[in-house]
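**Q** If you scroll down you'll find the structure; I have some questions about it.
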Amino acid sequence: MTASSSRLPPVTEVLASSQDGAATGFVLAQLDAMGREGPILWVQDRLSMQEGGLPCLQGVAEVLGRQVPLLHVAAKDAAQALWAMEEGLECAALSAVIGEVWGAPRALDFTATKRLSLRAARSGVPLWLLRTDAAPGLSVAPDRWRLASAPSAAHPLDAEAPGRAFWRAELFRSRRARPGAWVACHDRAAHCLDLAAPLRDGPVGEGADRPGPDRALGGG
Amino acid sequence: MARWERGRTAPAPTAPWEEAESGLDADAPVVLAAEGRHGPVIHAVSEAAARAGASVGARVVDARAIAPELVVQPADLPGDAAALTRLAHWARRWCPWSATDGADGLVLDTTGAAHLWGGEAAMLADMEARLAALGQAARLAAAHTHGAAWALARHGDPREIGTSDALRARLAMLPVAALRLDGQTRLTLRRLGLKRVGDLMALPRAALDRRFGRDGTALATPLRRLDQALGHLPEPVVSPPPPHRFRTVQRLPEPVMDPQPWLAGLFQTLCADLVRQGHGAREIRLELYRIDGQASLFQAVTARATRDAGHLHRLLERRFESLDAGFGFDTLALEATRTEAQTGAQAALDGSDGAEVALATLIDRLTGRVGAAVRSPDPRASHLPERAERWSPARAVPVARPFSGPAAEGRGSVPVAGDDASRRRQPGFAAPPLPVGPVPAGSRPPDARGPHPAPRAPAEGPRLAVVAAAGKDSARRDPSSAAGAGGPGRARPMQAPSDRLAPGGLGGGGLVAPARARPLRLLRAPERIEVLYAVPEGPPIRFRWRRRPFLIRRHQGPERISPEWWQAPATARLRDYYKVEVADGARYWLFREGVAGDGRGGAPDWFLHGLFA
């Protein structure tokens, strides 16, 4: 199943740890699925910048396969970040809005997500709400994902090096599809997201020193 | 009676900007050449060039035959004229009526204004000082008529003031060239043996009129000029109107506590004015004058020239929350303090504006609330990850460009040397991916905007006087140059990395090091971590970050990045970057700063710098 084949909802919520780049890669891997042109508005509140850093232009360009202009808003708190997201969602010239909010601030409640969802639906600009280090609260987002890194594929040239990045993507709440858990990876050549059923056992031929996905899940 | 004041501007031989722009020293024999009928003609000369034998009006080839070491630069006559016009407007600080006079002079009607400056002598001294502060050497004179002031400024004593009773006698002593005559007339007068103005005065008027006014069309006959200088003929000065000021003022009959109902009309009036003049506002200022003499000031800047009243109004709307009305406002003034020429743009068929307009509007709104925190990263040629992108205030960003290959492709492993200042000027997303090689100092990208005066040299004559005004004024007034990097950046398509087979690479003409991946996120500052690693230069095995232990399963590296020696201090240490994957799968970017025994500190430190997907 590829995510790009289906129409993306206006708001998608992704929960992840702030010390993990998986969610960022997961979001960027699906950015072009709507085929929109224009810059990306990237809104971060202060804590998410402090915990997870800022987007790196070169890395983003590598994932997207081209230079996409970034418009970055460093909001001082979640309320300001939500306001900036709402303003951005009014502007149809943007290709996407990525909003990062750390934790569970009071401003980000059900009403706030409803406002965001209505604006996104009106202008057609997709919103990716990246919530780091947060418990899943109430939200109107049709799709809600929980992301974590998984051990990467083997590097074709260097056995010691990490290869293509895999993520454990869990769709824990969805109005459009049945929830489930997958191992996701980004197909850079086709620029789409590949979702595969997770392996129950480790890859064949791997020694005991490499934990399988299940062990890694418990190890955190 | 009108008092005419006339200044002739002449260059300061050692003005600082000349050296900065031309790169020539003040002693260089520089001449400025303009196109003449038979090839280039010298328009202005520097002191050294004058000593070498060059003179104004001579042909460049002749001057070069005399002095082969002459440095010839092209003259910028339209630029000079524009700068002189600006200087004429600036000179209205002394009196309200001023105009340019020829290619190298200004004329000011100081009637009734001199006493404000403490008399004519004090005013002339003030003018000289202020012009000198601008880098202009000026010759000044004041007299009752335009013609007399012209003559005294060029042929009289410094800061001479002509009095009405002695004017006739003073003019009689001056050469006939002081009468603003053309070359042919001067030649004729010289052949007739008439060298002084007094010689002309002694002749009967009828004879002069017959000799020089025969065709009846010439305005600059000696007789007419003499009458104008003596005040027998009027000679009005046409003063150009000042630059249009986009300002609307609303005076209210009664003070109001809430000025907002009046603002919509104020914005409409301003925008209608902008439309009439074909301009768009880049910066607006709203002044609210309270009845007790206090004033509140609100300013907003826009990312792009606009004359949309609703948009401009919204930019200021949020500021009124903290407005202190006191006893009420009685005067509201709205001014566009910075404008740009803006032609009409056609809206799309559905009535919406283009993507660029929508984007600029969004940036304005965000900047109005969040301030300088709205930024966008520009790629820059640097190997240090934190320097490879420059965060600059957001502007109307160009639409996406096709991107050829990953950004890291074609990245060599040699730090790029070059003049950082020249690269900083590259606007927008224009920077080519990476290796550029040394950039010659002073080189500009082909798409650099704004007026770029040709290299100037210290020279003598009107030419440089005007340059001074151009240099200073354009920096202050010209909105397009002031916008500079702030304007909408024009993007060049990314250059395809063609130097993958770089000469002198690995094994002589071999492959440059393969492309290195860059993380998706960079921490704001690298965070120090405790690392267990194989000394002295082995890979990391486990590390502790934010009080959490991580066991490294796989690693890739090191990628060694040297400090940029041309700007880092000598004690900066190199970095060995590793991409590591920890036990639960997260991928990080670590680096070891320095190697043991490099003489730049003790044991190397480890840092975590970025997060991979």
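The values are calculated or read from the model by the stated rules, or taken from the named source; none is laboratory data. Please read all numbers here as calculations on a predicted model, not as lab measurements. Note that each Cβ is placed from the backbone with ideal geometry, even for glycine, and that neighbours are counted across all protein chains shown.
**Q** Of all residues being of a type outside the set (V, I, T) and more than 10 Å from chain B (Cβ to nearest Cβ) in segment A:90-99, which is nearest to A:V68 (Cα to Cα)? Just the residue, please.
**A** Top of the filtered list is A:A96.
**Q** Which numbered condition in (1) at pLDDT 90 or above; (2) surrounded by fewer than 17 Cβ atoms within 10 Å (Cβ to Cβ) is the only one that B:L171 fails?
**A** (2)
**Q** Here's another thing I want to ask about it. Under 7 Å by Cβ, and 6 or more places apart or on different chains, what pairs join a residue from segment A:113-138 that is without any contact (Cβ under 8 Å) to a residue 40 or more places away in the chain with one that is part of a helix (DSSP H, G or I)?
**A** Pairs that qualify, where the first residue is without any contact (Cβ under 8 Å) to a residue 40 or more places away in the chain and the partner is part of a helix (DSSP H, G or I), are A:R115/A:E86; A:R119/A:E86; A:R119/A:L89; A:S123/A:L89; A:L138/A:F110.
**Q** Quick one: count up the residues across segment A:123-178 that are assigned to a strand (DSSP E or B) and out of contact with any His (no Cβ under 8 Å at 6 or more places or on another chain).
**A** Residues flagged as assigned to a strand (DSSP E or B) and out of contact with any His (no Cβ under 8 Å at 6 or more places or on another chain) within segment A:123-178 amount to 24.
**Q** Just name the residue that is surrounded by the fewest Cβ atoms within 10 Å (Cβ to Cβ) out of those in segment B:525-576 that are among the aliphatic types (A, V, I, L, M), within 14 Å of chain A (Cβ to nearest Cβ) and more than 50 Å from the chain's Cα centre (by Cα).
**A** B:A534
**Q** Moving on to the next point. Considering each residue of segment B:593-613, count those that are more than 7 Å from chain A (Cβ to nearest Cβ) and touching a Lys or Arg at 6+ places or on another chain (Cβ under 7 Å), and give that number.
**A** So the count comes out to 9.
**Q** Look through A:S95, A:S152 and report the one residue that is farther than 20 Å from A:T12 by Cα and touching a Gly at 6+ places or on another chain (Cβ under 6 Å).
**A** A:S152
**Q** How many of the residues making up segment A:147-170 are surrounded by 19 or more Cβ atoms within 10 Å (Cβ to Cβ) and either within 20 Å of A:V101 (Cβ to Cβ) or in contact (Cβ under 8 Å) with a residue 40 or more places away in the chain (or both)?
**A** Total meeting the criteria: 9.
**Q** Considering segment A:183-195 alone, what residues qualify as being modelled with pLDDT of 90 or more, crowded, with 19+ Cβ neighbours inside 10 Å and more than 9 Å from chain B (Cβ to nearest Cβ)?
**A** A:A184, A:C185, listed by residue number.
**Q** Which residue, of B:R375, B:R395, B:R338, is touching a residue at least 60 places away in the same chain (Cβ under 8 Å), within 14 Å of chain A (Cβ to nearest Cβ) and touching a strand residue (DSSP E or B) at 6+ places or on another chain (Cβ under 6 Å)?
**A** Among B:R375, B:R395, B:R338, only B:R395 is touching a residue at least 60 places away in the same chain (Cβ under 8 Å), within 14 Å of chain A (Cβ to nearest Cβ) and touching a strand residue (DSSP E or B) at 6+ places or on another chain (Cβ under 6 Å).
**Q** What about B:A360, is it away from chain A (no Cβ under 14 Å) and either among the small types (G, A, S) or in a helix (DSSP H, G or I) (or both)?
**A** Here the answer is no, as B:A360 does not meet what is asked.
**Q** Something else about it: What number goes with the only condition from (1) assigned to a helix (DSSP H, G or I); (2) within 15 Å of A:A134 (Cβ to Cβ); (3) at the interface with chain B (Cβ under 10 Å from one of its Cβ atoms) that A:T113 does not pass?
**A** (3)
Residue by residue, here is whether (1) surrounded by 18 or more Cβ atoms within 10 Å (Cβ to Cβ); (2) assigned by TED's automatic domain parsing to the domain that holds B:S46; (3) without any contact (Cβ under 8 Å) to a residue 40 or more places away in the chain; (4) of a type in the set (D, E, K, R) holds:
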position: B:R59; (1), (2), (3), (4): no, yes, yes, yes
position: B:P68; (1), (2), (3), (4): no, yes, yes, no
position: B:D76; (1), (2), (3), (4): yes, yes, no, yes
position: B:D109; (1), (2), (3), (4): yes, yes, no, yes
position: B:G112; (1), (2), (3), (4): no, yes, yes, no
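**Q** Which one of the conditions (1) assigned to a loop (DSSP other than H, G, I, E, B); (2) in contact with a helix residue (DSSP H, G or I) (Cβ under 7 Å, 6 or more places away or on another chain) does A:E100 fail to meet, given that it meets all the rest?
**A** Failing condition for A:E100: (1).
**Q** Further, regarding this structure: Can you name every residue in segment A:28-61 that is in a helix (DSSP H, G or I), surrounded by fewer than 24 Cβ atoms within 10 Å (Cβ to Cβ) and touching a residue at least 60 places away in the same chain (Cβ under 8 Å)?
**A** Answer for segment A:28-61, where residues must be in a helix (DSSP H, G or I), surrounded by fewer than 24 Cβ atoms within 10 Å (Cβ to Cβ) and touching a residue at least 60 places away in the same chain (Cβ under 8 Å): A:L31, A:D32, A:A33, A:M34, A:E51.
**Q** Follow-up. Pairs only if they're at least six apart or on different chains, beta carbon under 8 angstrom, first in segment A:72-87 and more than 7 Å from chain B (Cβ to nearest Cβ), second polar (S, T, N, Q); list them, first residue then second.
**A** Close Cβ pairs satisfying both conditions: A:A81/A:Q44.
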